[in-house]
């Protein structure tokens, strides 16, 4: 019985072994592992620095009265657009109108007196020649005429001043822009020396953006100027808080470069057209400021770069499908790619996807890598 059991067990084992051998013989030989690669080739790029900035109005006018009086009316919509010369506030003009009338009457009286004095001088001139009157009488008449002429000039100036005050009773905008809220209401008493403005007008059809950057950037900005890029200003891309690009490129004003004495940071001023008023004073934005132009830069996708104890590495594929690791030196990042300063040459094939499955000595089949598209439906 025991012998029969052992014989059956041996027979089963032989069948299992034969089945395994058949499976091994039937299994196909392993194929080459596919990896996605990019072929490195020189290209011209502009390396930029993305810096924070604050929007500043192109021009600012604080509206203050030039004469005192009661505010009768506000003549603008708060937060709206105004043009240069538009009336903003109306101050009670009755006192100024009355003073102008008084000055006009005084001028008329002075002109009458002058006319009478001139007649007297003309009347005495032939009598002096005939020795019918004394020379002193003629001189007194001339002096009276000259004094009357001076009174006319003085009263003319007083009238002009009173008319100017009457015109100042209508407070007008000195520039075209957007006006803030009114700081006074109808019935408020204002004076010419009041430090509080009635309102503020800001020109924002074009704006400035002040950028802060380390002091080391000052030499870079000077280098841009020496290369002759200051005529039209170096182009600067403006980004909103949500990353959207402003439709108009700004220009770096090299005359607007200064150094903050408190922090030592370089402050660069960018001028940008703002026709749709999307950039508002006080808003924080980011700007891509050009740093360097490379006519033959080598770039690889960021995901192709690895970091370990030996440094920064990439995996490359030679013509036989063998994988090689190369130590590289990286530079600036541009739109999901990184500039390779050292370690690669034009024509090198760099593995982008599939390197997590690599094993020593494996032979791979390189396939072209394509930048993935964002097919997410827009809400």
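The values are calculated or read from the model by the stated rules, or taken from the named source; none is laboratory data. Treat the numbers as computed from the prediction; the structure is a model and nothing was measured. As a convention, Cβ positions derive from the backbone with ideal geometry for all residues, glycine included, and neighbour counts pool all protein chains shown.
Miscellaneous remarks
- Screening the candidates 336, 361, 309 for the property of being surrounded by fewer than 14 Cβ atoms within 10 Å (Cβ to Cβ), at pLDDT below 90 and in contact with a helix residue (DSSP H, G or I) (Cβ under 8 Å, 6 or more places away or on another chain) yields one hit, 336.
Here is a yes/no grid of residues against (1) assigned to a strand (DSSP E or B); (2) under 14 Å from residue 38 (Cβ atoms); (3) in contact with a strand residue (DSSP E or B) (Cβ under 7 Å, 6 or more places away or on another chain):
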{"residue": "316", "(1), (2), (3)": "yes, yes, yes"}
{"residue": "320", "(1), (2), (3)": "no, no, no"}
{"residue": "324", "(1), (2), (3)": "yes, no, yes"}
{"residue": "332", "(1), (2), (3)": "yes, no, yes"}
{"residue": "351", "(1), (2), (3)": "yes, yes, yes"}
{"residue": "361", "(1), (2), (3)": "no, no, no"}
{"residue": "365", "(1), (2), (3)": "yes, no, yes"}
{"residue": "370", "(1), (2), (3)": "no, yes, no"}
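- Options 192, 182: the member that is in contact with a strand residue (DSSP E or B) (Cβ under 7 Å, 6 or more places away or on another chain), under 30 Å from residue 81 (Cα atoms), in a loop (DSSP other than H, G, I, E, B) and modelled with pLDDT of 85 or more: 182
- Any hit, region 119-139, residues being surrounded by 13 or more Cβ atoms within 10 Å (Cβ to Cβ), touching a residue at least 24 places away in the same chain (Cβ under 8 Å) and in a helix (DSSP H, G or I): yes
Conditions (1) farther than 26 Å from residue 104 by Cα; (2) modelled with pLDDT under 95, marked per residue:
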| residue | (1), (2) |
| --- | --- |
| 117 | no, yes |
| 120 | no, yes |
| 128 | yes, yes |
| 131 | yes, yes |
| 139 | yes, yes |
| 147 | no, no |
| 150 | no, no |
| 153 | no, no |
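- Here residue 85 meets the list (1) closer than 30 Å to residue 276 by Cβ; (2) over 38 Å from the mean Cα position of the chain (by Cα) almost entirely, failing just condition (2).
- Output for region 63-88, where each listed residue is in a strand (DSSP E or B), on the phi < 0 side of the Ramachandran plot and surrounded by 15 or more Cβ atoms within 10 Å (Cβ to Cβ): 63, 71, 72, 74, 81, 82, 88
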